[in-house]
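Notes follow the structure.
The values are calculated or read from the model by the stated rules, or taken from the named source; none is laboratory data. Keep in mind the model is a prediction, meaning the values are calculated, not measured. Positions of Cβ are backbone-derived with ideal geometry, glycine not excepted, and every protein chain shown enters the neighbour counts. What goes into the accessible areas is simple: the full protein's heavy atoms, side chains included, and nothing from ligands, DNA or RNA. Shrake-Rupley method; radii C 1.70, N 1.55, O 1.52, S 1.80 Å.
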Amino acid sequence: MKKTLLLCFIHGFQGDESTFGRNYAFVEHLRKLIAGALPKIDVQTVVYPKYKTRGELGECVSQFSDWLLNKVIDLEVAAGTPSPTIDPSVRVVLVGHSMGGIVAAETAINISSEKHIHNSVDEDSPTKSSTATPPPPNALMFPYIQGVLAFDTPFLGISPGVVAHGAESHYAAASTAIAQLSGLTSLWGGAKATTQANPKIAGALPPATGQGGSSRDGNKEKEKDGNKAATANSGGGWGRWGTIAMAAGAVGAVAAGGAAAYLNREQISQGFGWATEHLEFVGCLARKEELRRRVAYMVRLNKELGVGFGNLYTRLGQAAGSKQTSMAGSVLGSERTFCVVAQRDQAGDWQQAVNDKAKDEIGAHVSMFEPRENPGFDKLASDARDMVASWLRNDWYESSAADSKRP
């Protein structure tokens, strides 16, 4: 039986299916590269439809997991796999951009251990005690996650330099706006928003196409969200991503690891509900012990089950200079990244993706998959291919055989 590798793409905060290039250009480009590197198997793709990046992260992960399960079951049924839960013919690589990578990692952890990392740590405890530590991973996971490939995912938080370089000039205006949102800081502890968004399961894509194909959602639900983030303006990306990171001033912003930089300060005028719901989703970026434990468990999955774990993170290149700020000191252009980068602890395979055209961290972050805005596009794609191919050097891949005719 010829086996199938399913690449499942997940967008990040306030993203949608177009995150991965116009008309899924990067999706198809990466599929072709990986198919060329892994000729024994069929490489297919699906793109998770636009979902609400607000509310409880765990709820989002549960909805995605159910959607993914149905996709894999469809493929296993079509292949006539005798025992898909014991010997699956389909394995999955979850491909996430930005917060999509955290959704992917939480999904892999939940499928392998039936527990989430999210909300499993008492961040206020001096010992950072766990409330529900995930058990050892189960090799008989279904769907079988072969790897988590992340693009610029802040697994360890957003670099404080993102706040310093992009938002310091807006500090006074943002601080004034935030003063109207009393109680906002409680969200960083993981408190639930007072106004819950109505959960909505993402619309399903049609079954993946035949050999070498990629599926598209002909009936994609074009969700009309009255609270949609404002379109990016010409101000280096901050029109979209915002400066609410300045919520508690310099100390609070840096302590939060830049997590609040995801929000558009212009949305403050739309009310407390909008801010609380979205901060609840990205608030996991300020829960440092949970971030550390999530990465540690992914490293464990890699060591014990061979589940790949990598992050291709952006770094500014020639177009970015150094800047002295009162918040983060002097940060050299060559050291400016969107993500906090692992320095000492094991954190999987992290590789830098240099953008010599972008002038700020968020600009590099949102233009990863645009060849005209990212001179390092080809290297990014080839590095991603090589990373995935290295995860498939195993017995499952080697046992794949050409389809045989049925009687």
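When 390, 382 are checked against the criterion of being open to solvent by less than 60 Å² (accessible area, probe 1.4 Å), touching a residue at least 40 places away in the same chain (Cβ under 8 Å), among the small types (Gly, Ala, Ser) and in contact with a helix residue (DSSP H, G or I) (Cβ under 8 Å, 6 or more places away or on another chain), a single residue qualifies: 382.
With respect to residue 42, determine if the residue is surrounded by fewer than 24 Cβ atoms within 10 Å (Cβ to Cβ), over 12 Å from the mean Cα position of the chain (by Cα) and free of Cβ contacts under 8 Å to residues at least 12 places away in the same chain. The answer is no for residue 42. For the range 19-41, a residue qualifies if it is part of a helix (DSSP H, G or I) and in contact with a strand residue (DSSP E or B) (Cβ under 8 Å, 6 or more places away or on another chain), and the qualifying residues are 19, 20, 24, 27, 28, 30, 31, 34, 35. Taken as a whole, the structure leaves residue 86 outside the set of residues that are among the β-branched types (Val, Ile, Thr), at pLDDT 95 or above and over 14 Å from residue 107 (Cβ atoms).
Set side by side, the residues 405, 323, 359 differ, and just one is out of contact with any strand residue (DSSP E or B) (no Cβ under 8 Å at 6 or more places or on another chain), open to solvent by 20 Å² or more (accessible area, probe 1.4 Å) and at pLDDT below 95, which is 405. Mind checking which residues of the range 1-24 are open to solvent by 10 Å² or more (accessible area, probe 1.4 Å), modelled with pLDDT under 95 and not β-branched (Val, Ile, Thr)? Listed by number, the residues that qualify are 1, 2, 14, 16, 17, 18, 22, 23, 24.
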